[in-house]
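A quick write-up on the structure given underneath.
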Amino acid sequence: MMMRRVVWVWIAVSAAWAAGCGAARPAKYYQLTVPADMSAASSANSIPVTLQLGLLTGSHLYREDRIVYGTGRIVAPTLLPETARHTFRDPRASYIHVRSASNNCYQCRINPA
């Protein structure tokens, strides 16, 4: 019975690995170029098109934010407000990510007042 369980776990892990589980997807970028001379772009065989664009958003990872290394520390919850005020005195700090000390899970983001 135990051997059967081990075999099933091995099969599941192998299938997930073979399927590329967790693999990063390539980013897709699109560019629209408007001709400088719109009259030259008009022709008899052109197709009228209307573009409707919504707010474009992207992952936070593509922003120009930088991690300020050496500023992380374990802080008691009661001391968090004072520690945040002290951290924001550093001009390099634009926000603070609070993470769990036990398993490093993201908890919240603190922005300056």
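Derivation of every value follows stated rules applied to the coordinates shown; laboratory data play no part. Note that the structure is a prediction, hence the values are computed from the model and not measured.
Observations
- Cα convex hull volume per residue for the stretch 61-105 (Å³): 85
- Annotation: extensible slack from Thr50 through Glu82 equals 6.2 nm (criterion: 0.36 nm per residue apart, minus Cα-Cα distance).
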